[in-house]
Amino acid sequence: MIHLHVVREGSGPIVVLSHALGCDHRMWDGVAAQLARAHTVLRYDHRNHGGSELRAGPFTLQDLADDAAGLIEREADGEPVHFVGLSMGGMVAQALAARHPALLRTVVVANSAHHYPDPAPWRIRIETVQAQGLAGIAPGAVGRWLTPGFVATPDGAAAARRLHEMLLRADPAGYVASCAAIAAIDLRDSNRRIAVPTLVIAGTLDEATPPSMSEAIAAAIPGARLARLPTAHLSAVERPTEFSQLLVDFWRSL
């Protein structure tokens, strides 16, 4: 069993928030503040991120899904949860819904992918981090995470600084292992078997996981709904109020 750092807030139905590669639970600050008014919010750090355990060696996306399943079993007292994942967290959400559906009320997959036909960009990123550390990829990563218009505002500039610092504090070896796990994902077949109510959220200005990737995920999962926000990759950071409202409206509609 791996140790995962968890932050619990609020009371009510349980929502689990799963963050993007190179971030940690603080990525969800704005959304958590909204949801904790009527929900119990569990934010956790993936293995090799934030305050969670550093686990040497390779792992797979399925391992991250099993990490999340173990956390739900420990923290939710047998109650199925709403699971919300963004980017790498959205990949975890897809695998979790296929592998452990009994743990879930609903699943939300935001700004994510289900397959990378060409893993070459991930190999390049791994080689860059191995040669230069996370400083070698941080400016480009943060540049893809938020739109220039948002970064030009005081709130956006502060968010960009926090994210840049967050990424630089990540463990380089853990980041590389996460990149390798992401590069190898192929969730296309398992997504067709997902029976958990699913919402997919796309960022219309997302260059890291373009809207076509979200559309493909929604098309593969039976009954999945698709929503869009005018954001880049970290839609939950850029538009936390609108992001949270999409979740609440989805849950209320079921």
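Select, from D24, D118, D45, D63, the only residue that is free of Cβ contacts under 8 Å to residues at least 24 places away in the same chain and either surrounded by fewer than 18 Cβ atoms within 10 Å (Cβ to Cβ) or within 24 Å of Q245 (Cα to Cα) (or both).
Details: D24 fails: free of Cβ contacts under 8 Å to residues at least 24 places away in the same chain; D45 fails: free of Cβ contacts under 8 Å to residues at least 24 places away in the same chain; D63 fails: free of Cβ contacts under 8 Å to residues at least 24 places away in the same chain.
After ruling out the rest, the residue left standing is D118.
Quick one: which helices (runs of 4 or more DSSP H) sit completely within the range 83-198 and have at least 1 residues that are aromatic (F, W, Y)? Steps first, please.
On the way: elements: 88-99, 120-132, 138-145, 148-151, 154-168, 172-183, 188-191.
Ranges flagged: 120-132, 138-145, 148-151, 172-183.
Check off (1) touching a strand residue (DSSP E or B) at 6+ places or on another chain (Cβ under 6 Å); (2) of a type in the set (F, W, Y); (3) not in a helix (DSSP H, G or I) for F59 and give me the number that stays unchecked.
Among (1) touching a strand residue (DSSP E or B) at 6+ places or on another chain (Cβ under 6 Å); (2) of a type in the set (F, W, Y); (3) not in a helix (DSSP H, G or I), the lone unmet condition for F59 is (1).
Quick one: in the range 100-115, which of the residues that are in contact with an Asp or Glu (Cβ under 8 Å, 6 or more places away or on another chain) and touching a residue at least 60 places away in the same chain (Cβ under 8 Å) is surrounded by the most Cβ atoms within 10 Å (Cβ to Cβ)?
Checked the range 100-115; the qualifying residue surrounded by the most Cβ atoms within 10 Å (Cβ to Cβ) is N111.
Going by what's in this entry, would R228 be described as under 28 Å from R125 (Cβ atoms) and free of Cβ contacts under 8 Å to residues at least 24 places away in the same chain?
Values: under 28 Å from R125 (Cβ atoms): yes; free of Cβ contacts under 8 Å to residues at least 24 places away in the same chain: no.
For R228, the condition - under 28 Å from R125 (Cβ atoms) and free of Cβ contacts under 8 Å to residues at least 24 places away in the same chain - is not met.
From the list R188, R193, which one is touching a residue at least 60 places away in the same chain (Cβ under 8 Å), over 16 Å from Y116 (Cβ atoms), out of contact with any Gly (no Cβ under 6 Å at 6 or more places or on another chain) and basic (K, R)? Working first, answer last.
On the way: R188 fails: over 16 Å from Y116 (Cβ atoms).
Going through R188, R193 in turn, the sole match is R193.
Being in contact with a strand residue (DSSP E or B) (Cβ under 8 Å, 6 or more places away or on another chain) and either of a type in the set (K, R) or touching a residue at least 60 places away in the same chain (Cβ under 8 Å) (or both) is the filter here; which residues of the range 196-208 pass it?
Residues of the range 196-208 that are in contact with a strand residue (DSSP E or B) (Cβ under 8 Å, 6 or more places away or on another chain), as a first pass: 196-204.
The answer is V196, P197, T198, L199, V200, I201, A202, G203.
Which condition from (1) within 17 Å of D24 (Cα to Cα); (2) surrounded by fewer than 20 Cβ atoms within 10 Å (Cβ to Cβ) is the one that G174 breaks?
Exception for G174: condition (2).
Name the single residue that is farthest from A56 (Cα to Cα) among those in the range 141-171 being surrounded by 13 or more Cβ atoms within 10 Å (Cβ to Cβ) and among the basic types (K, R).
If we take residues in the range 141-171 being surrounded by 13 or more Cβ atoms within 10 Å (Cβ to Cβ) and among the basic types (K, R), then R144 is farthest from A56 (Cα to Cα).
Read-outs throughout are calculated quantities, based only on the coordinates presented, and are distinct from any laboratory measurement. From a predicted model like this one, the values you see are computed outputs, not experimental measurements. Neighbour counts are summed over all protein chains in view; Cβ atoms, including those assigned to glycine, are modelled from backbone coordinates with ideal geometry.
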